[in-house]
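Enquirer: Here's a structure for you.
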Amino acid sequence: MGDLGFMARFLILTGVILIAFGLLLFLAGKIPYIGRLPGDVYIKKGNFTFYFPLATCIILSLLFTLIMNLFFRR
């Protein structure tokens, strides 16, 4: 049962993370400035558009790191 218990916890945690990520994507359009921060690269030339949210990625990474450290601190 030990191996199945680990797998069950892993699947539950994965489901919770997917639900949280889905909610974040659903609400991302309603959060001001997400995706339009200074440092986000946006290049548009003719019919070519390149967008890379560098600053947004860094801020979200720091936020998720802090949250994970709160939950998984030993």
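No value in this document is a laboratory result; all are computed from the given coordinates. All values reported here derive from a predicted model rather than from experimental measurement. Here Cβ is always computed from backbone atoms with ideal geometry, including for glycine, and neighbour counts include all displayed protein chains.
Enquirer: Helix 2-27 against the longest principal axis of the chain: what's the angle in degrees, Cα atoms only, rounded to the nearest 10?
Expert: 30 degrees
Enquirer: Could you work out [θ]222 nm for the chain from helices alone, using -39500 (n - 2.57) per DSSP H run of at least four and dividing by all its residues? Round to the nearest 500 deg cm²/dmol.
Expert: -21500 deg cm²/dmol
Enquirer: Still on this model: Using DSSP to call loops (not H, G, I, E or B), can you name the chymotrypsin sites (Phe, Trp or Tyr not before Pro) in the chain whose Cβ has at most 13 other Cβ atoms within 10 angstrom?
Expert: Tyr33
Enquirer: Over the chain, calculate the relative contact order: mean separation of alpha carbon pairs under 8 Å at least 6 apart, over the residue count, as a percent.
Expert: Relative CO of the chain lands at 18 percent.
Enquirer: Given the options Leu23, Leu11, Leu37, state which has the largest fluctuation in a GNM of the chain using a 10 Å cut-off (strictly under) for Cα springs.
Expert: Highest fluctuation of the listed residues: Leu11.
Enquirer: Another question, if that's okay. I'd like the orientation of helix 54-72 relative to the chain: the angle between its Cα long axis and the longest Cα principal axis, in ° from 0 to 90, rounded to 10.
Expert: So the helix axis and the longest Cα principal axis differ by about 20 degrees.
Enquirer: For the residue pair Asn69 and Leu27, what label-to-label distance in nm results when each label sits 7 Å from Cα along the Cα-to-beta-carbon direction?
Expert: 2.3 nm
Enquirer: Next question, about the same structure. Out of the trypsin sites (Lys or Arg not before Pro) in region 24-61, which ones are loop residues according to DSSP with at most 15 other C-beta atoms within 10 Å?
Expert: Arg36
Enquirer: Here are a few candidate values for Rg and Dmax of the Cα atoms in Å: (1) 27.2, 72; (2) 23.3, 67; (3) 17.5, 60. Which one was actually calculated from the structure I just gave you?
Expert: (3)
Enquirer: Something else now. Computed FRET efficiency, Cβ-Cβ of Ala55 and Leu18, R0 22 Å: what is it to the nearest 0.05?
Expert: Once the sixth-power term is evaluated, E becomes 0.30.
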